[in-house]
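Asker: Dumping the structure here so I can ask a few things about it.
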Amino acid sequence: EPEVTQTPSHQVTQMGQEVILRCVPISNHLYFYWYRQILGQKVEFLVSFYNNEISEKSEIFDDQFSVERPDGSNFTLKIRSTKLEDSAMYFCASSERTGQETQYFGPGTRLLVL
Amino acid sequence: AQSVSQHNHHVILSEAASLELGCNYSYGGTVNLFWYVQYPGQHLQLLLKYFSGDPLVKGIKGFEAEFIKSKFSFNLRKPSVQWSDTAEYFCAVKVYNQGGKLIFGQGTELSVKP
């Protein structure tokens with residue numbers, strides 16, 4: 001069964017550094033999402049992406065964050081100048097369409113900012 | 001703003017006990033409803049979903065959920081849990097025709113004692 005994959009599974013970085021989290025969505029899916037879960041808190045929506053542009057973003061998704069689909073398979077989340085509070089599990093998800101479609105989640109990248 | 005609330009943070013049951021996990025949401029319009037499960041060390045997986053029609057939906061592994069519109073609830077049930085059901089369970093809501101953003105509850109950790 002096709003799966004969403006994410007790399008790396010764990011990332012440790014120093015405050016102020018840039019990180020890129022990578023995701024490979026399911027191949028025929030057109031909608032892509034990033035969510036994050038800070039330890040002990042809810043899973044929160046960050047951004048959705050369709051047709052090479054952001055379709056929706058949350059208040060969390062400020063200028064520090066950016067997303068890109070650099071090729072036909074990868075979907076990346078870049079965090080510039082990381083802060084301690086960016087430490088979280090980041091989940092990528094994809095769906096075939098929006099609307100009444102299930103989002104399939106990847107295993108997550110655990111980011112620790114020191 | 002829309003929100004999702006799961007009443008139980010941690011539930012401990014013995015095998016063969018019945019399970020009901022509560023989920024309430026705050027939004028007066030049409031919603032799509034989901035339950036996801038995260039087994040230890042694994043990614044979020046869809047258990048079941050409700051879009052329309054019969055408010056009693058059946059999912060994988062013997063789980064079911066009932067959408068009660070008047071109560072803004074979508075409780076998850078299983079008549080007899082197994083040790084392998086030990087996991088974290090997340091209720092999520094998507095507002096119909098407002099993009100793909102999922103709004104998650106805080107999750108309920110289920111521990112099943114053998």
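Results for (1) surrounded by 16 or more Cβ atoms within 10 Å (Cβ to Cβ); (2) of a type outside the set (F, W, Y); (3) more than 23 Å from A:S87 (Cβ to Cβ), shown as yes or no for each residue.
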| site | (1), (2), (3) |
| --- | --- |
| A:P2 | no, yes, yes |
| A:Q6 | yes, yes, no |
| A:Q11 | yes, yes, no |
| A:Q14 | no, yes, no |
| A:C23 | yes, yes, no |
| A:Y31 | yes, no, yes |
| A:W34 | yes, no, no |
| A:E44 | yes, yes, no |
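Asker: Would you check which residues across region A:82-101 are within 14 Å of another protein chain (Cβ to nearest Cβ) and either surrounded by 16 or more Cβ atoms within 10 Å (Cβ to Cβ) or part of a strand (DSSP E or B) (or both) and list them?
Answerer: Selection gives A:A88, A:M89, A:Y90, A:F91, A:C92, A:A93, A:S94, A:S95, A:T98, A:E101.
Asker: Let me confirm something: among A:I79, A:I60, which residue is closer than 20 Å to A:Q17 by Cα, in contact with a strand residue (DSSP E or B) (Cβ under 7 Å, 6 or more places away or on another chain) and within 14 Å of chain B (Cβ to nearest Cβ)?
Answerer: It is A:I60.
Asker: Right, here's the next one. Return the residues of region A:33-72 that are in contact with an Asp or Glu (Cβ under 6 Å, 6 or more places away or on another chain) and either more than 22 Å from B:Q6 (Cα to Cα) or not in a strand (DSSP E or B) (or both); say none if nothing qualifies.
Answerer: Within region A:33-72, just A:S48 meets the criteria.
Asker: Quick check on my filter: what residues within region B:33-58 are among the polar types (S, T, N, Q) and in contact with a Leu (Cβ under 9 Å, 6 or more places away or on another chain)?
Answerer: B:Q38, the sole residue that qualifies.
Asker: So which residues in region A:58-67 are touching a Ser or Thr at 6+ places or on another chain (Cβ under 8 Å) and either crowded, with 20+ Cβ neighbours inside 10 Å or at pLDDT below 95 (or both)?
Answerer: Within region A:58-67, A:V67 is the sole residue that qualifies.
The values are calculated or read from the model by the stated rules, or taken from the named source; none is laboratory data. Please read these numbers as outputs of a predicted model, since none were measured by experiment. Quick reminder, even Gly has a Cβ in these numbers, built from the backbone with ideal geometry, and neighbours come from all protein chains shown.
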